[in-house]
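One structure is given here, and the rest of the page talks about it.
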Amino acid sequence: MRDATKIDEYFIGERTLFLIPLYQRKYAWQRKHCERLFADLVKVKREGRRSHFFGSIVTVRANDVDDDLLIIDGQQRITTISILVLAAAHAYQAGIITCDGGDDYVKDMVNKYIMAKYRKGDRKIKLRPIESDRIAYDALVAGEPNKYVPADKSGITLNYQLFYDLIKIGELSFDELIEAIERLIIIDIRLDSGDNPQLIFESLNSCGKDLEEADKVRNYLLMSLSSAQQEDYFRKYWAEIESCTDDEPTMFIRDYLTVKTKVICKITDLYFDFKRFDETNELEREMLLADMLKYARYYKQATKGTTGIEKIDRKFKQLANIGSSVCTPFYMLFLEYAQNNSISYDEIYKVLDIVENYWARRMICGYPANVMSKTFAILHSDILRITAEHEKRGIPLMASYSELMKFILLKKQGTAIFPKDPEIEKNFPTRQIYKMPIDYRYFLFERMENENSKEGDDTIVQRMKKNEVTIEHIMPQTLTQKWKESLGDNWQIIHEAYLHTFANLTLTGYNSCYGNHTFDEKKEGYSTIKDDQEVQVYGFKDSAFRLSNYLKTCDKWTEAELIERQQILQKKFLKLWPMITTTYVPLEKVTETVSFNDDELELTGRSIVAFSYKGTSHKVWSWKDMLVQLCKLMYAEEPIRMNALATKNFWFHNELLDGNTRVADNCNVWTSCNTKSKCSIINYAFEQLEINPSELEFELLPINDKESNESAEY
């Protein structure tokens with residue numbers, strides 16, 4: 001293994017071929033990856049950066065004779081750099097960009113990055129992609145456009161054309177672009193030639209994408225430091241971060257970014273999103289690592305229940321049984337806030353109890369979990385917005401954190417709604433428990449069994465996962481003749497209606513034995529033969545599980561008993577998770593600030609007076625004015641990528657057409673549309689430019705004061 005290496009040093013070797021093994025996937029970089037790379041290179045040159053981390057490349061000697069390298073991991077990066085250099089060389093040859101070094105310099109760079117001119121044999125092109133990509137790549141190297149593989153059939157051609165367009169509208173000459181490329185730094189990992197490349201590939205990928213992304217972030221954080229700093233910071237910060245996350249820091253890093261940006265990134269984009277976050281905030285490396293460690297400790301408290309406060313830790317462990325991590329960023333922010341503001345343990349418990357209540361009710365009503373990610377990503381900031389408004393107006397805030405939290409959750413509509421009692425009463429009797437994710441089942445049965453008893457069995461979920469305790473169908477899934485007779489003439493209707501509902505389910509340690517035995521046998525117990533020995537199976541009457549208490553009072557199991565048990569369990573559910581109310585009365589609104597990242601954002605008919613972008617407020621007189629001002633701000637930040645958007649002629653155009661408004665030369669935005677469409681344009685631009693939606697807020701007139709005329713939208 002080598003240390004950090006400049007990318008241009010990696011390409012040195014006039015006899016070396018880069019061989020992509022047949023088992024590798026096709027070239028797959030998307031437009032956004034290429035645009036991001038090109039924008040990074042422009043920034044490298046514009047800001048005079050000495051280096052820019054570009055990830056890792058893993059290779060192994062192809063054989064003991066040649067210098068050829070099998071690219072085990074990193075083919076996307078190598079291929080992309082090759083395509084970019086080709087596009088730049090062709091743009092120079094077409095007179096689109098200049099080069100201070102002239103023809104000789106361009107030829108030298110092509111030989112360096114593209115060709116292995118002293119290579120023996122027929123192939124003198126340095127990169128050898130897999131067969132399906134090789135035809136497209138070789139056609140580009142030949143430089144005969146009429147023989148290029150169509151862009152809709154090859155990602156290589158598509159991204160070559162993209163780079164060509166970006167170079168045309170960019171600000172770099174050929175030699176400036178090469179200079180920026182040469183500041184890219186990689187981790188060069190070269191394995192022994194005796195290693196089996198297929199096994200290496202499988203090994204690298206067997207741990208999944210998550211670990212790879214965490215490794216990239218670690219390398220990014222430490223590689224630019226001196227050896228002494230690397231060792232110091234690793235021991236002082238990163239080692240403990242890994243300890244707090246059970247040596248799996250990837251999910252923590254994602255949650256840390258959510259805490260900082262209020263956006264949930266994809267695991268596959270984690271490294272790039274982290275790098276962009278760091279470059280935007282420009283924290284000193286030790287300050288950033290110290291901040292990450294602080295939140296890693298909160299992460300451990302929330303995910304493992306290690307606050308040291310017994311009832312809070314028990315609640316965190318119960319919440320962990322839900323099997324979802326979408327609330328973790330909120331927990332981290334709240335624990336920090338609680339510590340900094342000396343919030344009582346009782347108040348912390350109330351907040352966690354509200355989270356649990358919200359989850360449990362939504363489970364029973366079958367609401368989707370995916371909307372919870374954004375809800376909890378911005379929940380803490382929504383609460384702080386209320387406290388800030390009180391401070392701004394000088395009006396004392398008498399409500400607690402938990403009261404503000406309830407106020408915000410009770411305002412949620414649509415799929416983010418906090419279900420009320422009538423919804424529970426409607427859904428509880430018919431909710432099909434076996435259609436829930438298994439972790440939901442674990443969570444609900446543990447909580448319904450233990451309730452809030454201090455004497456509850458906190459090992460139930462672990463025992464369920466080990467199959468030591470299971471969920472038992474009282475009325476079995478396959479009915480015997482005796483069961484049909486006991487259920488009566490409507491046995492089929494009863495069976496279909498109640499089989500997988502709470503009314504017909506309990507906990508037991510004898511599930512494998514009970515099977516489709518009669519209710520009397522399941523209740524009273526019976527003897528059976530196991531391994532040639534008689535074994536006594538205890539019945540519900542001997543069960544220690546509270547969920548079986550009602551069964552002990554029953555002599556039969558018919559629809560009447562099912563209905564009565566359903567009502568008992570429904571009351572238990574509503575007692576355990578009662579409907580919340582809040583005492584907080586909101587302030588009378590002068591203006592209302594809403595985040596563009598809000599799930600419940602509804603702007604049709606609303607009047608805007610200002611918008612805030614990346615912390616700076618801008619007064620506007622209409623939604624059209626807002627859109628144009630915002631686009632000009634984005635253009636000032638990303639002129640190349642905005643011009644690239646205009647070339648697509650979708651919302652943005654490079655010509656000033658009817659219905660468009662000028663943003664800059666060769667960049668115009670469609671403005672002859674309603675407010676909803678303007679938001680779609682912003683969403684599109686933010687996605688393409690990878691801008692965090694939480695960076696944008698609107699200041700609106702209160703609903704009661706809005707103009708009724710639809711033209712107010714424009």
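A few points about this structure:
- Test result for LEU547, touching a strand residue (DSSP E or B) at 6+ places or on another chain (Cβ under 6 Å), assigned to a helix (DSSP H, G or I) and at pLDDT 95 or above: yes
- Those helices (runs of 4 or more DSSP H) of the stretch 430-529 in which 3 or more residues are touching a strand residue (DSSP E or B) at 6+ places or on another chain (Cβ under 9 Å) and over 26 Å from LYS571 (Cβ atoms) occupy 511-514.
- Among (1) under 26 Å from ARG641 (Cα atoms); (2) open to solvent by less than 30 Å² (accessible area, probe 1.4 Å); (3) in contact (Cβ under 8 Å) with a residue 60 or more places away in the chain, the one test that LEU140 misses: (3)
- Those residues of the stretch 598-610 which are surrounded by fewer than 17 Cβ atoms within 10 Å (Cβ to Cβ) and either in contact with an Asp or Glu (Cβ under 6 Å, 6 or more places away or on another chain) or modelled with pLDDT of 95 or more (or both), in sequence order: VAL609, ALA610
- Residue match in the stretch 381-394 (condition: surrounded by 15 or more Cβ atoms within 10 Å (Cβ to Cβ) and either within 30 Å of PHE502 (Cβ to Cβ) or in contact with a Pro (Cβ under 6 Å, 6 or more places away or on another chain) (or both)): no
- The set of residues in the stretch 485-514 being buried (at least 16 other Cβ atoms within 10 Å of the Cβ), free of Cβ contacts under 8 Å to residues at least 40 places away in the same chain and of a type outside the set (A, V, I, L, M) consists of TRP491, HIS495, TYR510, CYS513.
- Residues of the stretch 163-185 that are of a type in the set (A, V, I, L, M), closer than 22 Å to THR647 by Cβ and either out of contact with any Pro (no Cβ under 9 Å at 6 or more places or on another chain) or assigned to a loop (DSSP other than H, G, I, E, B) (or both): LEU166, ILE167, LEU172, LEU177, ALA180.
- For GLU284, the conditions (1) in contact with a Cys (Cβ under 9 Å, 6 or more places away or on another chain); (2) open to solvent by 20 Å² or more (accessible area, probe 1.4 Å) are fulfilled apart from (1).
- When LYS236 is tested against the conditions (1) open to solvent by less than 70 Å² (accessible area, probe 1.4 Å); (2) modelled with pLDDT of 90 or more, the lone failure is (1).
- Single residue of the stretch 143-174 satisfying the filter (basic (Lys, Arg) and free of Cβ contacts under 8 Å to residues at least 40 places away in the same chain) that is nearest to LEU41 (Cα to Cα): LYS153
- Test set (1) open to solvent by less than 10 Å² (accessible area, probe 1.4 Å); (2) in a loop (DSSP other than H, G, I, E, B); (3) modelled with pLDDT under 95 - TRP557 fails condition number: (3)
- Residue satisfying all of: in the stretch 580-597; surrounded by 15 or more Cβ atoms within 10 Å (Cβ to Cβ) and modelled with pLDDT of 95 or more; nearest to MET626 (Cα to Cα) among these: TYR584
- If the condition is being among the charged types (D, E, K, R) and touching a residue at least 40 places away in the same chain (Cβ under 8 Å), then the stretch 599-616 contributes ASP599, GLU600, ARG606, LYS614.
- Hits in the stretch 611-650 (condition: open to solvent by 50 Å² or more (accessible area, probe 1.4 Å), in contact with a helix residue (DSSP H, G or I) (Cβ under 7 Å, 6 or more places away or on another chain) and modelled with pLDDT of 95 or more): none
- Residues within the stretch 430-457 that are more than 22 Å from GLU564 (Cβ to Cβ), polar (S, T, N, Q) and open to solvent by 80 Å² or more (accessible area, probe 1.4 Å), tallied: 1
- Filter result for LYS552 (under 19 Å from PHE502 (Cβ atoms) and outside any strand (DSSP E or B)): yes
- Residue under evaluation MET292, criteria (1) open to solvent by less than 20 Å² (accessible area, probe 1.4 Å); (2) within 16 Å of the chain's Cα centre (by Cα), criterion not met: (2)
- Looking at GLY509, GLY539, GLY525, GLY515, just one residue is of a type outside the set (Ser, Thr, Tyr) and either under 21 Å from ASP439 (Cβ atoms) or modelled with pLDDT of 95 or more (or both), and that residue is GLY509.
- Set ASP138, ASP165: member being within 22 Å of THR98 (Cβ to Cβ) and either touching a strand residue (DSSP E or B) at 6+ places or on another chain (Cβ under 8 Å) or among the charged types (D, E, K, R) (or both): ASP165
- Consider the stretch 366-421 and keep the residues that are of a type in the set (Lys, Arg) and at pLDDT below 95. The one that is nearest to the chain's Cα centre (by Cα) is LYS374.
- Index of the failed condition, GLN198 passing every other in (1) at pLDDT below 80; (2) within 24 Å of LEU184 (Cβ to Cβ); (3) over 23 Å from the mean Cα position of the chain (by Cα): (2)
- Filtering the stretch 458-484 to residues that are open to solvent by less than 50 Å² (accessible area, probe 1.4 Å), in contact with a helix residue (DSSP H, G or I) (Cβ under 7 Å, 6 or more places away or on another chain) and not hydrophobic (A, V, I, L, M, F, W, C) leaves THR470, GLU472, HIS473, PRO476.
The values are calculated or read from the model by the stated rules, or taken from the named source; none is laboratory data. Just so you know, these numbers come straight off a predicted model, no measurement behind them. Virtual Cβ from ideal backbone geometry, glycine too; neighbours counted across all protein chains shown. Note: areas computed on protein heavy atoms with side chains; ligands, DNA, RNA excluded. Shrake-Rupley method; radii C 1.70, N 1.55, O 1.52, S 1.80 Å.
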